[in-house]
Amino acid sequence: MTPAEKQEFFYAFSFNLINYLCPMTIDYIIVGLGLAGIAFAEELIKQNKSFVVFEDDSQNSSLVAGGMYNPVILKRFTPVWNAKEQLETALPFYDHLETKLGETYHHQVDIYRTFKSVEEQNNWFTACDKLLLQDYMDPELVKNNNKFINAPYGSGKLRQTGRVDVNKLAKDYRSFLKKQHALVESKFEYDQLMFFDDYIAYQDFKAGKIVFCEGFGLKENPFFNQLPMQEVKGELITIHAPDLKVDYLIKSAVFVLPIGYDLYKVGATFNWKDKTKSPTEAGKEELELKLSDVINCDYQIVGHSAGIRPTVKDRRPMLGMHPKYTQMAILNGLGTRGVMVAPLMAIKLFQHIENGKPLDEEISIKRFDK
Ligand SMILES: Cc1cc2nc3c(=O)[nH]c(=O)nc-3n(C[C@H](O)[C@H](O)[C@H](O)COP(=O)(O)OP(=O)(O)OC[C@H]3O[C@@H](n4cnc5c(N)ncnc54)[C@H](O)[C@@H]3O)c2cc1C
């Protein structure tokens, strides 16, 4: 046998072996079923691609998220990056999921930003005049009539805000995929991935592409863990406060988000040191202390949860294909705003992978090559 014949024999042999070992041939494998994984799976369904998702419950950012969306950064009264385009994609995305899964996830919730001083009131009015913020900020000062809320300087009301019940959506989406036999509930073991010229093989599957959507789980991914994720842990408590009677989100030292039945989610902490996803006594104390500045009625803590937000130093998502293994791509870095960002990023990544559409520099992982 000549060396060329030997090589041909070897390729034919491996091809047959892989076909024997991996009987399931699909277009995509997705690793992770948080908001990123759900958004990418939906894009694949829209584009008639076959796929399977691996999910191991190692992370829970999407499961604990408050689920709010809001086009304004409330610390500085500046617009959220690309807010208009994100909202235009995100709202129909969640409405479509409601129709498809026959449940309600998207709730209209107003946000009232409490002012700490006259200076803050003035900053609000100045921001309301700005072209990019006019659609999102109401110029009326809202006086506080609820004796259980501490807001002597009143509040400003935001427009085009709401909440997605991400926990319910994620659980329902899992059941939906299970019924389609498109979910494998186990850890994706990176060292078992095999690469071929234009496909990859993993356990029973042979797929054209693999997309990693692992949130903070990225740290364990040897192909992409050099990317500069700057994760931040967040904790939330759920309180039962029957006297409060509020149907909008109060944004002050913490947010107080009504979720029905006199229950409110209160959050969230930002901890850059603790990398565990377990709730802590310190987190709870911090939230209770801040909450005492916001409301003054009795309440009972009925829940406490925590998760790690997959944030990036420059506060932009991380999308793109692996520089060496072009069968692999990543959709991550959704940070503190996964609800708004995920659907648009999934579309952009799909167009990039399938149609070679370039990714904007600010979201592409290539920005870290420099
Ligand atoms: C306390 C808190 C409050 C928040 N509030 C809001 C909010 O109000 N609004 C908002 O828009 N965003 C909010 N966020 C941020 C939001 O949760 C994130 O932007 C978003 O959920 C990230 O989604 P993801 O899919 O990238 O990551 P994740 O939700 O972490 O999903 C990644 C998934 O991958 C799985 N996985 C990882 N590795 C593997 C592996 N090897 N094999 C198999 N599966 C794997 C994990 O189990 C996980 O399910 C909040 C976050 C926290 C922590």
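What number comes out for the charge environment of Ser175, summing +1 per Lys or Arg and -1 per Asp or Glu over other residues with Cβ under 14 Å away?
+2
Going from the alpha-carbon gyration tensor of the chain, what semi-axes, largest first and in whole Å, does one get by taking the root of 5 times each eigenvalue?
Taking √(5λ) for each eigenvalue gives 43, 21, 18 Å, largest first.
Below 11 angstrom from the Cβ of His240, what's the summed charge of the other residues (Lys, Arg +1; Asp, Glu -1)? Provide the component values of the computation, followed by the final result.
On the way: positive: none; negative: Asp243, Asp262, Asp298.
Neighbour charge sum, excluding His240 itself: -3.
Need one word for segment 94-140: rounded, prolate or oblate. Basis is the Cα gyration tensor (sqrt eigenvalues a ≥ b ≥ c); a/c below 1.5 gives rounded, then a/b vs b/c decides.
Verdict is prolate for segment 94-140.
Mind checking which of Ser175, Met24, Gly307 is farthest towards the positive end of the chain's charge dipole, using Cβ charges of +1 (Lys, Arg) and -1 (Asp, Glu) about the Cα centre?
Gly307
Accessible area of the chain with a 1.4 Å probe: how many percent of it is carbon plus sulfur?
Solvent-exposed carbon and sulfur of the chain make up 52 percent of the total.
Compute the semi-axes of the equivalent ellipsoid of segment 156-260, taking the square root of 5 times each eigenvalue of the Cα gyration tensor, and list them largest first in whole Å.
The answer is 40, 19, 13 Å, longest axis first.
Find the accessible area per residue for the chain; the probe is 1.4 Å, ligands and nucleic acids are left out, and the unit is Å².
49 Å²
Please name whichever of Gln226, Phe270, Tyr202 sits farthest to the positive end of the charge dipole of segment 202-298, dipole taken about the Cα centre and charges placed at Cβ: Lys and Arg +1, Asp and Glu -1.
Projecting each Cα onto the dipole axis, the largest value belongs to Tyr202.
Ile353: accessible area at probe 1.4 Å, nearest 10 Å²?
Rounded to the nearest 10, that gives 20 Å².
Please list, or write none, the lysines whose alpha carbon is within less than 23 Å of the alpha carbon of Lys290, excluding same-chain residues fewer than 8 places away.
Excluding near neighbours in sequence, the set is Lys75, Lys116, Lys143, Lys147, Lys157, Lys233, Lys245, Lys251, Lys265, Lys273, Lys275, Lys277.
Give the span of segment 53-185's Cα atoms along each principal axis, as three whole-Å numbers ordered largest to smallest.
Rounded to whole Å, the extents work out to 57, 35, 27 Å.
If one takes the longest principal axis of the Cα atoms in the chain, at what angle in degrees, from 0 to 90 and to the nearest 10, does the Cα axis of helix 118-128 lie?
50 degrees
Which one, Tyr105, Ser62, Asn82, projects farthest toward the positive side of the charge dipole computed for segment 55-118 from Cβ point charges (K/R +1, D/E -1)?
Projecting each Cα onto the dipole axis, the largest value belongs to Asn82.
Give the percent of DSSP beta bridges with both residues in the chain that are antiparallel, rounded to the nearest 5.
Numbers: 46 of 66 bridges.
Restricted to the chain, the bridges split so that about 70 percent are antiparallel.
Taking the convex hull of the Cα atoms, report for segment 221-261 its projected area averaged over all directions, in nm².
5.1 nm²
Would you mind counting up the charge near Ser305? Only other residues with Cβ under 12 Å from its Cβ, with Lys and Arg at +1 and Asp and Glu at -1. Numbers along the way, then the final one.
On the way: positive: Lys233, Lys265, Lys277, Lys284; negative: Glu235.
Value of the local net charge: +3.
Nearest 20 debye, what's the magnitude of the dipole of the chain about its Cα centre given +1 on Lys and Arg Cβ and -1 on Asp and Glu Cβ?
Charge dipole of the chain: 540 debye, to the nearest 20.
Can you tell me which lysines have their Cα less than 17 Å from the Cα of Lys357? Leave out same-chain residues fewer than eight positions away.
Leaving aside lysines fewer than 8 places away in the same chain, those within reach of Lys357 are Lys209, Lys348, Lys366.
Taking the alpha-carbon distance from Lys171 and a cut-off under 18 Å, which lysines remain once sequence neighbours fewer than 8 residues away in the same chain are dropped?
The reachable lysines, counting only those whose Cα sits under 18 Å from Lys171, are Lys100, Lys179, Lys187.
Run the simple label-point estimate for Asn82 and Ile45 please: 7 Å along Cα→C-beta, distance reported in nm.
2.3 nm
How big is the Cα convex hull of segment 213-313 in projection, averaged over all directions, in nm²?
Seen from a random direction, the Cα hull of segment 213-313 projects 7.3 nm² on average.
Segment 100-169 to segment 193-253: how many Å between their Cα centroids?
27 Å
The values are calculated or read from the model by the stated rules, or taken from the named source; none is laboratory data. Only a predicted model underlies this, so the values are computations on that prediction, with no experimental measurement involved. Here the Cβ is made from the backbone with ideal geometry for all residues, glycine too, and neighbour counts use every protein chain on show. Accessible surface areas use protein heavy atoms only, side chains included; no ligands, DNA or RNA. Shrake-Rupley method; radii C 1.70, N 1.55, O 1.52, S 1.80 Å.
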